[in-house]
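Please read the structure below before turning to the comments.
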Amino acid sequence: MVVYGGGLLALIGALLFLVLVTGARKATVWIDDQPQHLRLKPFTTTEVRDANGTHVATVRRGAFKPRVSWAQPDTSIRIN
């Protein structure tokens with residue numbers, strides 16, 4: 001059986017992509033200096049609520065790192 005170099009390279013690249021992308025990752029979201037720990041799967045969106053239960057932000061994770069896609073204007077939010 002003959003394996004072509006391009007096909008083998010594409011297979012290795014696809015496997016590496018799946019390993020990097022498919023796992024849930026931990027993210028710490030700081031809301032007004034109060035940390036919240038989240039586990040985000042790839043391509044998901046999560047609502048973040050403050051201590052009162054008010055929706056203050058929406059965090060979205062793409063293939064790799066999370067980002068804030070919406071936040072209330074008067075709320076301090078950062079992601080580590």
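The values are calculated or read from the model by the stated rules, or taken from the named source; none is laboratory data. Not measured: the values here are computed from a predicted model. For neighbour counting, all protein chains shown are included, and Cβ atoms are generated from backbone atoms with ideal geometry for every residue, glycine included. The area values use the complete protein model at the heavy-atom level, side chains included, leaving out ligands, DNA and RNA. Shrake-Rupley method; radii C 1.70, N 1.55, O 1.52, S 1.80 Å.
Before moving on, here are some points about what is shown:
- Enumeration of residues in the stretch 55-74 that are assigned to a loop (DSSP other than H, G, I, E, B) and surrounded by 11 or more Cβ atoms within 10 Å (Cβ to Cβ): GLY62, GLN72
- The residue pairs whose first member lies in the stretch 1-30 and is within 29 Å of ALA57 (Cβ to Cβ), whose second member is at pLDDT below 90, and whose beta carbons are closer than 6 Å, counting only pairs six or more residues apart or on different chains, are VAL21/PRO42; VAL21/ALA63; ALA24/LYS41; THR28/ASN80.
- Residue that is modelled with the lowest pLDDT [pool: residues in the stretch 6-29 that are outside any helix (DSSP H, G or I) and among the small types (Gly, Ala, Ser)]: GLY23
- A count restricted to the stretch 23-48 and to residues that are open to solvent by less than 90 Å² (accessible area, probe 1.4 Å) and out of contact with any Leu (no Cβ under 7 Å at 6 or more places or on another chain) stands at 13.
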